[in-house]
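Below is one structure, written out as structure tokens; the observations come after it.
What follows is calculated from the coordinates using simple rules that are stated; it is not laboratory data. From a predicted model like this one, the values you see are computed outputs, not experimental measurements. Glycine also receives a Cβ, built like all others from the backbone with ideal geometry; neighbour counts cover every protein chain displayed.
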Amino acid sequence: MAETKKIILKGRKVIGGKAEGEALVSQEPLMGWLNVNPQLGCTTERNHPLCGVSFKDKILVFPTPRGSGGFVSYGTTVNYNTNPAAFIYTKGNNLTIFASLVAQIPTVTDLDQDPLEIIETGDYVKVDGDLGIVEVIKSVG
């Protein structure tokens, strides 16, 4: 049985709620408007490392949105049950908040450590949006 290591990150609540699941990490900003396929639950932004990768039920970790609008497209994924389980980001704006609110996606930001340096795709992550706490469970060995 593989050993695990737990890391606790403390941040700020954006949207409350709890979620857990596998992390999907983007080291690059994500664009929303016309760059999200809500039916498939993925970004369609050409040349983005996550283009075509499903974020359904994943804890989506990213640095910031890119562009002046449209991140709300991530909120429309709730209509197709393809939405991420939670958002964790380093720098948001009113559009990331609105997307989280529309889809009722637990969201945490302003963490005491950079989530992009701590969380890796495939890590198991628990998000408590109410308390602003993120628990990262890493397999060791």
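Observations
- Modelled label reach - LEU131, point 7 Å along Cα→Cβ, region 1-40 residues with backbone N closer than 15 Å: 7-13, 16-20
- The lysines within cross-link reach of LYS13, meaning a Cα-to-Cα straight distance under 16 Å and a gap of 8 or more places when in the same chain, are LYS91, LYS126.
- Against the main long axis of the alpha-carbon atoms of the chain, helix 94-103 sits at an angle near 80°.
- Distant-in-sequence amide H partners of VAL53 (H built 1.01 Å from N, under 5 Å): THR43
- Helical content alone sets the calculated 222 nm signal of the chain at -2500 deg cm²/dmol, taking -39,500 (n - 2.57) per DSSP H segment of four or more residues and averaging over every residue.
- Residue-count net charge about THR109 - beta-carbon cut-off 11 Å; Lys, Arg +1, Asp, Glu -1: +2
- What the Cβ-Cβ distance of ASN81 and VAL140 gives, at R0 = 35 Å and to the nearest 0.05, is a FRET efficiency of 0.55.
- Spin-label pair LYS18-ASN93: with each label point 7 Å from Cα along the Cα-Cβ axis, the two points sit 3.4 nm from one another.
- Cα extents for region 1-54 along the principal axes, largest to smallest and rounded to whole angstrom: 38, 32, 21.
- Phi angles across region 109-120 convert, under the Karplus curve 6.51 cos²θ - 1.76 cosθ + 1.60 with θ = phi - 60°, into 3J(HN,Hα) values of 9, 6, 6, 6, 9, 5, x, 6, 8, 9, 8, 10 Hz, Gly and Pro given as x.
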